[in-house]
Every structure is written in structure tokens, then in C-alpha cells.
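I have placed the structure first, in the form of C-alpha cells, so that the comments after it can refer back to it.
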Amino acid sequence: MHRVIIKGEAVSVECYSDYKYAQRPNVFTFKGKTHRVKKILKQWREESGDFFVVEDEEGKRYTLFYEEKEDIWKIKEK
């Protein structure tokens, strides 16, 4: 599990990893609440890392980004 502070909020991500780390996020904690990833709506890779647009169990959407070089997760609310 990795933690990063964004706008004063801690973000923790638990992910599925097989042949590489951060293949698919499963659960994340943001603003003190744990969210289970219901669906991955979109994912792509850029030079800096992997991006995932996810929907949680309440239907809220977030963009999770694993920045490989820094070994941190970042989040953006949709």
C-alpha cells in the first residue's frame, strides 16, 4: 500500500499486481472513507505511469494515477 498527501487528504490504494505492480486498483481510501472499485471505466499508460478512471460502489467516479518514478498514487475526483 502506498500513501500520498494531496490537498491535505491521504490517499491509499490497494491494487492487484501480478507480473508488475499496480495492474489494477481494487480499493482506495480517500478523505477518510474506503471505496471499493466497482468498475474500471478506462485505463491507459503514459510515460510517467498508469491511469485508471474508476467507479466506486456508490457510482462516484475518480481518476487514480500511479506515478512509477515517484512510487506514489494520486487521485482526482470527477
Checklist entry - Name the pairs whose Cβ atoms lie under 7 Å apart, with the first residue in the stretch 44-65 and in contact (Cβ under 8 Å) with a residue 60 or more places away in the chain, the second exposed (fewer than 11 other Cβ atoms within 10 Å of the Cβ) and among the polar types (S, T, N, Q), and 6 or more positions between them or separate chains? => result none
Checklist entry - So which residues in the stretch 43-56 are under 12 Å from the mean Cα position of the chain (by Cα), more than 12 Å from Ala22 (Cβ to Cβ) and not β-branched (Val, Ile, Thr), if there are any at all? => result Glu55, Asp56
Checklist entry - Just for the stretch 34-74: of the residues that are modelled with pLDDT of 90 or more and of a type in the set (Val, Ile, Thr), which one is surrounded by the most Cβ atoms within 10 Å (Cβ to Cβ)? => result Val54
Checklist entry - Would you pick out the residues in the stretch 1-33 that are among the acidic types (Asp, Glu) and at pLDDT below 80? => result Glu9
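The values are calculated or read from the model by the stated rules, or taken from the named source; none is laboratory data. All values derive from a computational prediction rather than experimental measurement. Methodologically, a virtual Cβ is constructed for each residue, glycine included, from the backbone with ideal geometry; neighbour enumeration extends over all protein chains shown.
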